[in-house]
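Here the structure is laid out as structure tokens; the discussion comes afterwards.
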Amino acid sequence: MTILLAFALLAASPALAQSTLEVVKKRGEVVCGVNTGLAGFSAPDDRGNWVGIDVDFCRAVAAAIFGDGRRVRFVPLNAKERFTALQSREVDILSRNTTWTMSRDTSLGLNFAGILYFDGQAFLTRRALGLKSAEDLRGASICVQSGTTNELNLADYFGTRGLDYRPVVYERLVEVIGAYSSGRCDAFTTDSSQLIAERTRLADTDQHVMLPDLISKEPLGPAVRQGDAGWSNIVRWTLFALVNAEELGVTQANVEEKRNSPNPEIRRLLGTEGEYGRGLGLDDDWVVSIVRAVGNYGESFERNLGQGSPLKIARGRNALWKDGGLMYAPPVR
């Protein structure tokens with residue numbers, strides 16, 4: 001059999017002819033690829049339940065489709081295997097603190113649905129070293145995970161400034177953290193949110209500090225496979241729904257009451273005016289199900305990353321546009 005014939009037969013198979021939404025409905029659950037364990041984003045709690053803002057997003061998609069945010073199965077993935085898992089249909093969504101870049105968007109067969117968290121790469125180092133900025137790391141050994149944007153950003157930052165450094169590279173994050181903890185490198189670099197989370201797990205937390213520099217843009221967001229516009233729309237508009245709900249003051253506590261709001265924007269969002277859910281292949285009250293399951297974007301942020309969490313991360317760039325942040329969603333109309 002020729003390669004072209006084999007490909008043609010594969011492409012014509014019933015499994016590949018079905019849309020992702022059809023597959024998900026038939027299966028009865030959304031399969032979501034998440035981090036193996038990153039506080040605030042995706043990690044199992046003491047009872048083994050997955051929690052985090054990436055987890056909430058997957059629950060929101062499940063709620064939009066099934067009216068039940070519990071109908072989701074989480075598949076923990078490391079940085080190296082995450083894209084293959086999505087490409088090979090092992091997961092329906094990759095919601096794993098993944099940076100949206102041009103190469104990933106255009107050459108891996110993926111579509112990013114939007115930005116769930118605006119981040120930037122930073123450095124964690126020992127307080128005893130007395131460093132004040134990233135440029136003080138000249139000649140330092142720096143731990144970084146392979147297969148991430150962080151590795152290239154690190155090379156770019158030091159290369160463009162003519163600074164020498166020694167990269168200490170590991171494939172798995174646990175190895176990177178272990179190397180930094182045991183003193184095999186002077187600093188550890190990754191996204192600032194991840195540094196905040198990992199710092200809380202170090203035994204001598206107070207002896208480690210984040211340098212103030214952000215050396216990159218890291219727009220983190222969920223991704224799906226290319227070639228299924230309908231599924232991309234569902235995932236994208238789930239993110240927009242979370243942001244719009246916060247902007248319009250629709251919360252987990254008041255969503256039922258808000259269905260009777262005289263505000264036409266709220267009525268369109270919650271499906272009491274117009275038929276906007278049908279364009280996605282969903283019920284018109286799909287956003288009601290989302291907010292009932294996980295709240296709005298701000299509620300998810302505060303619970304997992306903000307003041308209601310151990311991380312205490314300020315909203316900053318992730319505040320709504322009307323509050324000076326970057327969070328902005330197209331309107332439902």
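The values are calculated or read from the model by the stated rules, or taken from the named source; none is laboratory data. None of the values given here were measured: they were computed from a predicted structure. In this analysis, Cβ positions are derived from the backbone assuming ideal geometry, glycine residues included, and neighbour counts consider all displayed protein chains. These accessible areas exclude ligands, DNA and RNA; they are computed on the full protein's heavy atoms, side chains included. Shrake-Rupley method; radii C 1.70, N 1.55, O 1.52, S 1.80 Å.
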Expected 222 nm ellipticity per residue - DSSP helices of 4 or more, -39500 (n - 2.57), all of the chain, to 500: -10500 deg cm²/dmol
Most to least packed among 152-161, 72-81 [average Cβ atoms within 10 Å]: 72-81, 152-161
Gaussian network model of the chain, springs between alpha carbon atoms under 10 Å - residue of W100, W231, W321 with greatest fluctuation: W321
Using alpha-carbon positions, the gyration tensor of segment 120-178 gives root eigenvalues a ≥ b ≥ c; with a/c under 1.5 called rounded, otherwise prolate if a/b exceeds b/c, else oblate, the class is oblate
Determine how large the accessible area of R104 is when every protein chain is in place; take a 1.4 Å probe and give Å² rounded to the nearest 10. 20
The answer for the per residue Cα convex hull volume of segment 226-333, in Å³, is 110
Spatially close lysines, pair count over the chain: Cα under 24 Å, gap of eight or more or interchain: 7
Fraction of accessible area attributable to carbon and sulfur, the chain (%, probe 1.4 Å): 52
Among 176-186, 50-60, how do they line up by average Cβ neighbours within 10 Å per residue, starting with the highest? 50-60, 176-186
For N111, other-chain or 5+-apart residues with amide H closer than 5 Å (H placed, Pro excluded) are V224, R225, Q226
Once V294, V174 are ranked on solvent-accessible area with the largest value leading and a 1.4 Å probe, the list reads V174, V294
Karplus (6.51, -1.76, 1.60) ³J(HN,Hα), θ = phi - 60°, over segment 220-227, in Hz, Gly and Pro reported as x: 8, x, x, 10, 10, 6, 6, x
Could you give the distance between the Cα centres of segment 32-97 and segment 290-332, to the whole Å? 18
P(r) for segment 155-222, please, calculated from all Cα pair distances in 10 Å bins and given in %. 16, 50, 31, 3
Please list the non-local residues whose amide H lies under 5 Å from the amide H of S216, H modeled 1.01 Å from N, same-chain partners needing a gap of 5 or more. Q121
Relative to the Cα centre, what is the charge dipole magnitude of segment 74-173, using +1 at the beta carbon of each Lys and Arg, -1 at the beta carbon of each Asp and Glu, and rounding to the nearest 20 debye? 300
Would you please give the residues with an amide H less than 5 Å from that of V75, counting only those at least 5 places away or on a separate chain, with H modeled from the backbone geometry? C32, G33, V34
With unit charges on the beta carbons (Lys and Arg positive, Asp and Glu negative) and the dipole taken about the Cα centre of the chain, which residue among I196, Q145, V250 sits farthest to the positive side? Q145
Kirkwood Rh, Cα atoms: Rg over Rh of the chain: 1.00
Considering only protein heavy atoms, what per residue accessible area in square angstrom results for the chain with a 1.4 angstrom probe? 46
If I take every Cα pair under 8 Å that is 6 or more residues apart in the chain, average their sequence separation and divide by the length, what percent do I get for the relative contact order? 21
